[in-house]
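> Before I ask anything, here is the structure I am working with.
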Ligand code: HEC
């Protein structure tokens, strides 16, 4: 009786499993009681792994460390459009782009009036003794000053 008691549920288990997984031999093997598939890694996944690995190497070699990244407001390419934006935040409080005087003179035609050298000079050094702050003291970097200069040149 004791032997029958142990064997009977075991037999049922075996039968149940055969019933549920009739293709056991074809698709699976059991390793430490865990069912394992024999499926190969599909080609497209292998390709994806290779591409990801190549991208990781490329990124590692070319990425700019976070600390070296310039401020988001810094134009990478100084353009007159970027200069116009910088002007509206840093300069428009004192200057109109027309001939109208505010705190400082209106900047219409400023390039013709000052000439290239003096314009460059004012944009780097300002005239602190006369109320025109040096743009670097306003937190502007060289690229931003170049952009401002391009914008100044569009003011006729
Ligand atoms: C706090 C007010 C103030 C701010 C801000 C300011 N300026 Fe001026 N700026 C002046 C004053 C005042 C003068 C006139 C100085 C003088 O009498 O020589 C001047 C002169 C100038 C001139 C020479 C104009 C001329 O006809 O001689 C230029 C160019 C100029 N500013 C550009 C800028 C730019 C670009 C900015 C923004 C980065 C700026 N300024 C920000 C007050 C300011």
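The values are calculated or read from the model by the stated rules, or taken from the named source; none is laboratory data. Predicted, not measured: the structure shown is a model, and the values here were computed from it. Here Cβ is always computed from backbone atoms with ideal geometry, including for glycine, and neighbour counts include all displayed protein chains.
> Within the stretch 147-156, can you find the residues that are within 7 Å of the ligand (Cβ to nearest atom) and at pLDDT below 95?
Start the filter on the stretch 147-156 by keeping residues that are within 7 Å of the ligand (Cβ to nearest atom), which leaves 148, 152.
Scanning the stretch 147-156 gives no hits.
> Let me ask something else about it. Select from the stretch 121-146 the residues that are more than 10 Å from the ligand (Cβ to nearest atom) and within 22 Å of residue 81 (Cα to Cα) and list them in ascending order.
Step one: of the stretch 121-146, the residues more than 10 Å from the ligand (Cβ to nearest atom) are 124-125, 141-143, 146.
Selection gives 124, 141, 142, 143, 146.
> A follow-up question, please. Please work out which residue is farthest from the chain's Cα centre (by Cα), limiting yourself to the stretch 30-81 and to residues that are at pLDDT 90 or above and within 30 Å of residue 148 (Cα to Cα).
Within the stretch 30-81, the match that is farthest from the chain's Cα centre (by Cα) is 80.
> Would you tally the residues in the stretch 103-120 being loosely packed, with under 14 Cβ neighbours inside 10 Å and within 9 Å of the ligand (Cβ to nearest atom)?
Going through the stretch 103-120, the residues loosely packed, with under 14 Cβ neighbours inside 10 Å turn out to be 103, 109, 112-113, 115-118.
Right, trim to within 9 Å of the ligand (Cβ to nearest atom) and you get 103, 109, 113, 118.
Total meeting the criteria: 4.
> Where the second residue is away from the ligand (no atom under 11 Å from the Cβ) and assigned to a helix (DSSP H, G or I) and the first is more than 14 Å from residue 88 (Cα to Cα) and lies in the stretch 140-152, which pairs have Cβ atoms under 6 Å and are six or more apart or on separate chains?
Hits for this filter: 150/80.
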